[in-house]
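Values quoted throughout were computed directly from the atomic coordinates according to the rules given, and no laboratory measurement underlies them. Please read all numbers here as calculations on a predicted model, not as lab measurements. All Cβ positions, glycine included, derive from the backbone under ideal geometry; neighbour counts span all protein chains shown.
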Amino acid sequence: MERHRAKAGGSRTEAADNGRYLKGAKGKKEKSLCPVSGRCGGCQFLDTAYEEQLDKKQKQVESLLKGHGKVYPIEGMEHPFHYRNKVHAVFGYRKGQAISGVYREGTHEIVPVDRCMIEDEKADEIIRTIRGMLKSFKIRTYDEDTGFGFLRHVLIKRGFVTGEIMVVLVTASPVFPSRNHFVKALRQQHPEITTIIQNLNDRATTMVLGDREKVLYGKGYIEDVLCGHTFCISSRSFYQVNPVQTEKLYKRAVEAAGLTGKETVIDAYCGIGTIGITASAGAGRVIGVELNRDAVRDAVKNAKRNKIANIQFYNNDAGAFMTGMAEDGEQADVVFMDPPRSGSTEEFIEAVAAMRPGRVVYVSCNPQTLARDLKVFEKKGYRGAGAWPFDMFPHTREIETVCLLTRSREGKNKS
Ligand code: SAH
């Protein structure tokens with residue numbers, strides 16, 4: 001597999017800027033690539049040379065997974081900027097002016113953001129347009145303290161391959177004055193937008209999206225292409241935020257599974273079914289399980305859309321579902337698992353062990369919980385047979401890892 005390890009700074013203009021800024025003038029405080037660096041809390045490593053970021057992450061995974069098999073070199077990005085296909089901005093007021101940006105880490109104070117080095121540039125542009133339109137449409141941004149105002153958040157998702165763009169306007173009230181004019185004006189400025197959704201969030205909550213939605217324009221979802229399959233993505237379903245790295249990650253995960261065409265495969269924490277669908281051609285049958293109802297609906301649609309007949313999806317807690325399968329005496333040959341940052345559970349791992357798969361491919365977005373869960377797997381007769389870190393989130397401290405586990409009693413894994 002070809003490895004892309006960018007030289008410090010890569011080859012794009014911003015990257016060249018990175019080099020220039022980082023050299024700085026002696027004695028002076030070095031200028032950051034981002035004006036809100038350190039206040040937004042998003043890119044802890046932005047002003048660290050890219051090669052150095054990769055080295056740090058490599059060392060961290062090696063130290064956390066010590067004793068759990070070989071850790072392969074981290075896969076970096078060739079162009080580690082503007083990779084995020086999903087952008088969220090919170091709206092508010094400051095000195096009578098509408099502002100949009102991010103919450104300062106751990107607070108509800110808004111740090112205004114105009115341009116972000118890791119977000120999609122088109123999404124940032126649309127957010128600036130929306131902010132600029134508010135005054136003429138007499139739209140007030142929401143005030144968390146008083147509960148007054150209308151616009152709370154804007155969420156944008158963009159299919160990097162298809163070019164489709166979803167704009168979600170999260171509002172505190174369902175009544176949207178001059179809605180049609182607003183939608184028309186926004187589309188006039190950005191004809192590339194393919195769907196606009198109003199999401200109602202009238203609760204005092206830290207969650208961005210509420211439960212009720214109205215499609216104001218277009219089909220209400222976007223499509224994107226990943227590993228040769230087309231996926232429908234709705235506003236509330238999880239979709240990996242860095243599709244360039246995701247393709248490499250999925251390829252590695254499927255390779256690690258060593259499928260021969262006959263296996264019964266589980267895709268646990270499957271989201272919209274991306275891993276299971278990518279693996280389906282090499283498997284006998286695939287069973288996906290996911291807690292989020294919207295994501296499961298998307299997954300079912302995605303299987304049909306890609307004419308995949310050997311896959312089924314279930315809407316359930318992964319631990320409860322696997323326990324049920326194990327109790328029914330079901331077996332699996334391969335289990336893919338891709339839990340959230342908090343990792344998996346003992347219940348889930350115990351049920352996996354009872355189903356006796358030869359291989360478990362653990363896709364993790366948090367090496368700390370991965371290391372914790374590996375210890376539980378070891379007690380159940382599984383051991384680490386290789387870990388591949390991926391830089392899915394350049395400039396941040398986050399690390400993604402694919403980890404292969406094999407059943408100890410079946411001897412050494414040869415791959
Ligand atoms: N494999 C998918 C999604 C990974 S994100 C992909 O690569 O895109 C993790 C997913 O786990 C999310 O979709 C989340 O909704 C789901 N999830 C969280 N807790 C869960 C649980 N207890 N049981 C099943 N799914 C869960």
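A few remarks follow.
- Near residue 134, no amide H atom lies under 5 Å from its own; only residues 5 or more places off or on other chains count, and H is placed 1.01 Å from N.
- 3J(HN,Hα) along region 118-135, derived from phi through the Karplus expression 6.51 cos²θ - 1.76 cosθ + 1.60 where θ = phi - 60°, amounts to 10, 8, 4, 5, 5, 5, 4, 5, 5, 5, 5, 4, 4, 4, x, 7, 4, 4 Hz, with x in place of Gly and Pro.
- Relative contact order of region 202-320, defined on C-alpha pairs under 8 angstrom at six or more residues apart (%): 23 percent
- Burial ordering of 133, 322, 337, 117, fewest other beta-carbon atoms within 10 Å first: 133, 117, 337, 322
- Lys/Arg +1, Asp/Glu -1 at C-beta; region 171-288 dipole; positive extreme among 257, 284, 271: 271
- Across the chain, Cα-Cα distances exceeding 33 Å account for 38% of all pairs.
- Our coupling estimate for region 192-203, obtained by passing each phi through the Karplus curve with A = 6.51, B = -1.76, C = 1.60 and θ = phi - 60°, is 6, 5, 9, 8, 10, 10, 9, 10, 9, 10, 9, 10 Hz, Gly and Pro reported as x.
- Magnitude of the charge dipole for the chain, about its Cα centre and with charges confined to Cβ atoms of Lys, Arg (+1) and Asp, Glu (-1), is about 860 debye.
- Beta bridge orientation in region 306-415: antiparallel %, DSSP, nearest 5: 75 percent
- Gain in span if fully extended, residue 79 to residue 148, counting 0.36 nm per residue against the direct Cα distance: 20.7 nm
- Pairs with C-alpha atoms separated by more than 32 Å, drawn from the list 135/248; 219/262; 70/262; 157/248, are 135/248; 219/262.
- Less than 5 angstrom separates the built amide H of residue 390 from those of 75, 400, 401, 402, all sequence-distant by 5 or more or on a different chain.
- Listing 393, 176 from fewest to most neighbouring C-beta atoms within 10 Å gives 176, 393.
- Lys/Arg +1, Asp/Glu -1 at C-beta; the chain dipole; positive extreme among 207, 334, 360: 207
- Each of the peptides 81-87, 157-163 was scored by the mean count of other Cβ atoms within 10 Å over its residues; in descending order, highest first, they stand as 81-87, 157-163.
- Antiparallel DSSP beta bridges within the chain, percent to nearest 5: 60 percent
- Between region 244-267 and region 140-209, the alpha-carbon center distance in angstrom: 36 Å
- Placed amide H near residue 359: partners under 5 Å, 5+ positions off or other chain: 335
- As a length-normalised measure over Cα pairs under 8 Å and 6 or more apart, the relative contact order of region 149-242 settles at 27 percent.
- C-alpha long axis of helix 13-23 to longest principal axis of the chain, angle in °: 90 degrees
- Beta bridges per DSSP with both ends in region 65-203, % antiparallel, nearest 5: 70 percent
- Normalising the average separation of contacting C-alpha pairs (under 8 angstrom, six or more residues apart) by the number of residues puts the relative contact order of the chain at 14 percent.
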